[in-house]
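Only one structure is covered here, and it is reproduced in the block below.
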Amino acid sequence: QVQLVESGGGHVQPGGSLRLACQLSGSTFTSYSMGWFRQTPGKEREFVAAISWGGGNDYYAGSLKGRFTISRDNHKNMAYLQMNNLKVEDTAVYYCNAGRQMVAAGRPGDSWGQGTQVTVSS
């Protein structure tokens, strides 16, 4: 079992930056791919980014590549999402995700965090 808790969300002006964090607990001795998804009310949850358990491979939704960076620190059992040049359209609840297989847009892991709100507005 693995539990995920997100933090770091909040309000930011357009063009600003936020760094989200995801704390893992539970079966952390087992390798887990991690990822981030986001969801706006009335819309389906969408893929943001994913990273392999060792951090050697990462990938992003095409529209976000270059602005968002996913990383992890396995020693601290943490994963992060650095978000730069935020846009109003980035407003959403951001969810941390983890799975035994590589997280992908169409194949999220089985474990989810509770979400953290990111609001981008003037």
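Below is a table of values for the structure above.
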read-out: Lys/Arg +1, Asp/Glu -1 at C-beta; the chain dipole; positive extreme among Ala104, Asn85, Gly56; value: Gly56
read-out: Per-residue SASA entry for Arg45, accessible area with 1.4 Å probe, Å² rounded to 10; value: 90 Å²
read-out: All aspartates and glutamates inside 16 Å of Lys43 as judged from Cα atoms, apart from same-chain residues fewer than 8 positions distant; value: Glu89, Asp90
read-out: Summed side-chain charge close to Tyr59 - residues other than Tyr59 whose Cβ falls under 15 Å, Lys, Arg +1, Asp, Glu -1; value: +2
read-out: Area accessible to solvent at Ile70, 1.4 Å probe radius, in Å²; value: 10 Å²
read-out: Accessible-area composition of the chain, carbon plus sulfur, in percent [1.4 Å probe]; value: 47 percent
read-out: Total charge dipole magnitude, the chain, about the Cα centre, Cβ charges on Lys, Arg, Asp, Glu only, Debye to nearest 20; value: 100 debye
read-out: The chain: relative contact order as a whole-number percent, Cα under 8 Å and 6+ apart; value: 36 percent
read-out: Heavy-atom surface of the chain, accessible at 1.4 Å and reported per residue (Å²); value: 52 Å²
read-out: Karplus (6.51, -1.76, 1.60) ³J(HN,Hα), θ = phi - 60°, over segment 15-23, in Hz, Gly and Pro reported as x; value: x, x, 10, 9, 10, 8, 10, 10, 9
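The values are calculated or read from the model by the stated rules, or taken from the named source; none is laboratory data. Remember, it's a predicted structure, so these values are computed and weren't measured experimentally. Neighbour counts run over all protein chains shown; Cβ positions are idealised from the backbone, glycine included. Heavy atoms of the whole protein, side chains included, go into the accessibility calculation; ligands, DNA and RNA do not. Shrake-Rupley method; radii C 1.70, N 1.55, O 1.52, S 1.80 Å.
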